[in-house]
Amino acid sequence: MKTEEKIICNCCRKVIAERNAIPMADYLHVEKEWGYFSNKDGQKQEFDLCEDCCDAWIKSLQIPAASQEVTEFV
Ligand SMILES: [Zn+2]
C-alpha cells in the first residue's frame, strides 16, 4: 500500500520503505487491471507485500511459484 510517505505491507502493515529514502528491503508490488472476462471489469487493484508475507503467501500456493537464479543485478 502506498501512502504519501510510505510503502506499507498490506498483509502485516510493516513499513517497507519511506519516501525519499532508499528502500532498505525489497518487496512485492502487484498491480492488476481486471478485464472484461472478470467480475471486476475496469477495476484496478494494487498492493504491496514485504518479503516475509510474500514468502508466506507463496508457501500457501498448491503449486510452488516458479523460481530461478538471476545473475544480472539491475
Ligand atoms: Zn508483511
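The values are calculated or read from the model by the stated rules, or taken from the named source; none is laboratory data. This structure is a prediction, so every number in the text was calculated from the model and none was measured. Reconstructed Cβ throughout: ideal geometry from the backbone, glycine too, with neighbour counts over all protein chains shown. Each accessible area value is taken on the protein alone, full model and side chains, heavy atoms only, with ligands, DNA and RNA left out. Shrake-Rupley method; radii C 1.70, N 1.55, O 1.52, S 1.80 Å.
Of the strands (runs of 3 or more DSSP E) lying entirely inside the chain, the ones with 2 or more residues being open to solvent by 60 Å² or more (accessible area, probe 1.4 Å) and either more than 16 Å from the ligand (Cβ to nearest atom) or on the phi > 0 side of the Ramachandran plot (or both) are found at 27-33, 44-50. Being charged (D, E, K, R), modelled with pLDDT of 95 or more and more than 18 Å from residue 65 (Cα to Cα) is true for just one of 46, 51. Which residue is that? Every option except 46 fails the conditions. Listed by first and then second residue, the pairs linking a residue in segment 37-64 that is under 15 Å from residue 8 (Cα atoms) to a residue that is within 9 Å of the ligand (Cβ to nearest atom) and of a type in the set (Lys, Arg), with Cβ atoms under 9 Å apart and 6 or more places separating them unless they lie on different chains, are 50/14; 52/14; 53/14.
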